[in-house]
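Since the structure comes first, as structure tokens, the remarks are kept for the end.
The values are calculated or read from the model by the stated rules, or taken from the named source; none is laboratory data. If you're wondering where the values come from, they're calculated on a predicted model, not measured in any experiment. Neighbour counts are summed over all protein chains in view; Cβ atoms, including those assigned to glycine, are modelled from backbone coordinates with ideal geometry. The accessibility values were calculated without ligands, DNA or RNA, using every heavy atom of the protein model including side chains. Shrake-Rupley method; radii C 1.70, N 1.55, O 1.52, S 1.80 Å.
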Amino acid sequence: MLTKTNEYKLEEGRGKGHGRDYKPWIETREVSSIGTCSNPIDWKTGRTVELLSQGESYFWHILRWNDKVDDIREQYPLDIETTLKICDDFNIKHPHDRKTYMTSDFYVTYKDGTEKIFSVKNSRDVLNQKRTKEKLSVEACYWKKYRNIDYKLVFKDEMNQILAENIRFVCVYYDRSRVFDETSLLKHLIATKQIKVDMETQFLDIPTLLETYRNLLSTLTDYYSLIINGKEN
């Protein structure tokens, strides 16, 4: 039943591992809509993340910002024998063909041990599309009935895009080795939540924040320079 592509992915360990070692089933270079794809670095694991849409990018950043989240596995494959059974039971055509693995956008593990699956769509308008509803029903049935894991649909146009963009803006500087001046230090302190600012209602005004935290930044700049240059006592 497996195609050569599936065999190759299975041999690579796609869909396996956790944290830094996880390998997504689909990589951005393998899809045609590359203009909407992105590959941020997970600032907590160092792994390159494979995101296939702007909505996925927004939601991944929001998930990763959440301190209750332990691990995020994107493009997670569903067992093909189970999805074929679901489709046959409900007389639904299997997505793409009967040799193609279905995937869920995000398999999220929380620090309290709970797990949740998220599927990202642009808007609720997709629920008016019969074929989309069929595919989503297969995915929901798989996780709820056969894996006993909570499944949720989320929509790009209902996300806090200001929050997502602010997270993306500062978390490039999460690692203290990226600190080289007061501006990068400010972003590092926000990314590591050592400075609490409004991330949700307005885009970060860096010049104003620099003035607000000028004294603190002046005190810490030399300290971080010592750490980065390996001169810390």
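Laid out as a table, the results:
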read-out: Net length gained if the chain between residue 181 and residue 88 were fully extended (0.36 nm per residue, minus Cα distance); value: 27.5 nm
read-out: Nearest-ten-degree value, helix 182-191 long axis tilted from longest Cα axis of the chain; value: 40
read-out: Accessible-area ranking of 65, 25, largest first, probe 1.4 Å; value: 65, 25
read-out: Pair residue 41, residue 137: separation of 7 Å Cα→Cβ label points (nm); value: 4.5
read-out: Across 9/145; 68/152; 111/193; 68/116; 44/193; 9/116, pairs whose alpha-carbon gap is larger than 21 Å; value: 9/145; 9/116
read-out: Solvent-accessible area per residue for the range 102-233 (1.4 angstrom probe, square angstrom); value: 58
read-out: Segment residue 81-residue 172, extension gain: residue separation times 0.36 nm, minus the distance between their alpha carbons; value: 28.8 nm
read-out: Rounded percent of accessible protein surface that carbon and sulfur make up, the range 9-143, 1.4 Å probe; value: 48
read-out: Where 137, 38, 184 fall by accessible area, highest first, once all protein chains stay in place (1.4 Å); value: 137, 38, 184
read-out: Paramagnetic reach from residue 218 (point 7 Å along Cα→Cβ, amide N under 18 Å) across the range 186-206; value: 186
read-out: Crossing angle, helix 214-228 versus the chain [Cα axis fit, 0-90 degrees, rounded to tens]; value: 70
